[in-house]
1. For segment 127-189, place one equal point scatterer on every Cα, skip the solvent, and apply the Debye formula. What is log10 of I(q)/I(0) at q = 0.16, 0.26, 0.28 Å⁻¹?
2. Go through segment 60-67 residue by residue and turn each phi into a ³J(HN,Hα) via Karplus (6.51, -1.76, 1.60, θ = phi - 60°); whole Hz please, and just put x for glycine and proline.
3. Scaled to the compact-protein estimate 2.2 N^0.38 Å, what is the alpha-carbon radius of gyration of segment 77-178, rounded to two decimal places?
4. Averaging the inverse of every distinct alpha carbon separation and then flipping it gives the Kirkwood radius. What is it for segment 1-65, in angstrom units?
5. Against the empirical 2.2 N^0.38 Å scaling, what ratio does the C-alpha Rg of segment 212-328 come to?
6. From the phi of every residue in segment 112-123, what ³J(HN,Hα) in whole Hz does the Karplus formula 6.51 cos²θ - 1.76 cosθ + 1.60 yield, where θ is phi - 60° and glycine or proline is x?
7. Treating the beta-carbon of each Lys and Arg as +1 and of each Asp and Glu as -1, no other charges, what is the dipole magnitude of segment 271-338 about its Cα centre, to the nearest 20 debye?
8. Which net charge results for the neighbourhood of residue 147, defined as the other residues with beta-carbon distances under 15 angstrom from its beta-carbon, given Lys and Arg at +1 and Asp and Glu at -1?
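None of the figures in this text is laboratory data; all of them are computed from the coordinates on show. For clarity, every value in this text was computed on a predicted model and none was experimentally measured. A quick note on method: Cβ atoms are made from the backbone with ideal geometry, for glycine too, and the neighbour counts reach across all protein chains shown.
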Amino acid sequence: MSRRIELFLAACLYYSGLIAVARWWTQRSRQHLVILCYHNADGRNLRQHLRYLRRHYRILHLEEALEGFYAPSTRKKQKRGRTPLVLTFDDGYQDNYTYAFALARELRVPFTIFLVPGYIESGHCFWWQEDKRLLSYAQVDEVTVEGHTYCLDKVDESKALAQVIDTRVRYATSVVEREKFLAGMRKVLIETAPVFAEEKTTLPLTWAQVQTMKESGWVSFGAHTMHHPILACLTAATEVQYEVSQCRTVLERHLNYPVRTFAYPIGQLEDIGDHGLHAVQKANYSWALTTIGGFNTLQTNPYLLRRIVVDVDQHWLQVAAKASGIWGALSHLYWKYGSYHASIFASASVSFGNFANRFFFKFSRNIQVISASFQEAHSRINAKPCSGSATVTTLTV
Ligand SMILES: [Zn+2]
């Protein structure tokens with residue numbers, strides 16, 4: 001589904017009142033915990049997301065929310081109020097500090113970051129960025145990988161090589177195998193590996209930044225393995241256990257408090273595997289989070305907690321629809337009843353969307369013209385300059 005159609009549907013759900021009804025129903029039951037999953041924070045929409053969410057939900061630190069949710073005595077004492085919601089950021093990008101942390105302090109909103117200590121120590125870019133990075137800065141025109149020669153001037157061959165790199169690092173059976181492959185690719189593609197300014201927001205956090213955020217009280221931390229392998233791909237159970245347990249040990253040494261929460265890399269069931277689930281329990285974490293979508297109820301396994309994945313590029317209306325649960329329910333129907341009916345609905349939505357775009361464009365222009373005329377008249381009557389700026393009609397949250 002295209003972004004424009006998604007936004008249009010989210011606006012329909014919001015302005016029809018359906019999102020408010022869904023929110024009311026969730027709030028009334030007092031049986032749900034909503035956990036959102038972000039990655040990067042650098043985007044113009046995060047401020048609008050946070051302003052909407054803090055108005056309609058009770059935003060808590062992750063551990064505080066989980067303790068309250070799973071303790072029946074605490075929950076009974078709670079007055080009926082807004083649904084608890086937790087903001088989490090996976091991986092620990094630089095922009096979590098430069099952007100999300102600054103917003104958290106300004107808007108007084110807590111959040112939790114899941115850290116990967118191996119990357120904090122090395123300062124290297126994450127493995128899922130390597131294919132794009134290596135090919136963007138390649139210093140050769142041609143390269144042979146696994147017996148196949150790729151001409152990097154040709155777009156399709158360059159894309160094919162990017163796919164090979166991503167597949168090799170994504171499905172590596174050990175961290176050593178992954179790093180050995182990447183070192184080899186760096187050697188043949190770029191002799192030196194400079195860090196460019198535009199890459200800095202996607203690099204890992206530093207320990208100093210982690211410390212500053214911890215001391216503020218607005219940011220808490222959880223574990224996300226030592227080197228972010230897909231746990232189900234690792235062949236040795238001992239390596240799975242090391243990735244999970246060592247991460248906790250290193251984080252506790254730096255943070256000086258018990259780390260009780262863990263987020264699985266990638267986070268779908270097929271990425272976790274039996275060894276991953278077992279390792280998290282053996283390492284004595286209290287809770288583990290997936291990226292399986294949906295709300296958490298009292299019946300949810302505390303080692304397979306659900307999260308709703310959102311993105312800073314999405315409009316706040318889309319986040320409102322997702323956090324209310326209504327988006328998940330509609331997505332379920334979309335996949336259940338197939339794409340045929342959905343495509344008819346999508347075509348109708350696009351036509352209506354185009355009509356609505358034209359209507360609102362004219363409406364907005366008329367409002368601005370009327371507003372400008374009104375200001376001009378107002379300034380003449382008062383015989384002094386108007387102190388306000390031109391009125392612009394915007395959606396407010
Ligand atoms: Zn991750």
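1. -0.45, -1.20, -1.37
2. Per-residue couplings from phi come out as 10, 5, 4, 5, 4, 5, 5, 4 Hz.
3. Computed over Cα atoms of segment 77-178, the ratio equals 1.59.
4. It is 14.0 Å.
5. 1.15
6. 10, 10, 9, 9, 10, x, x, 6, 5, 5, 7, x
7. 180 debye
8. -2
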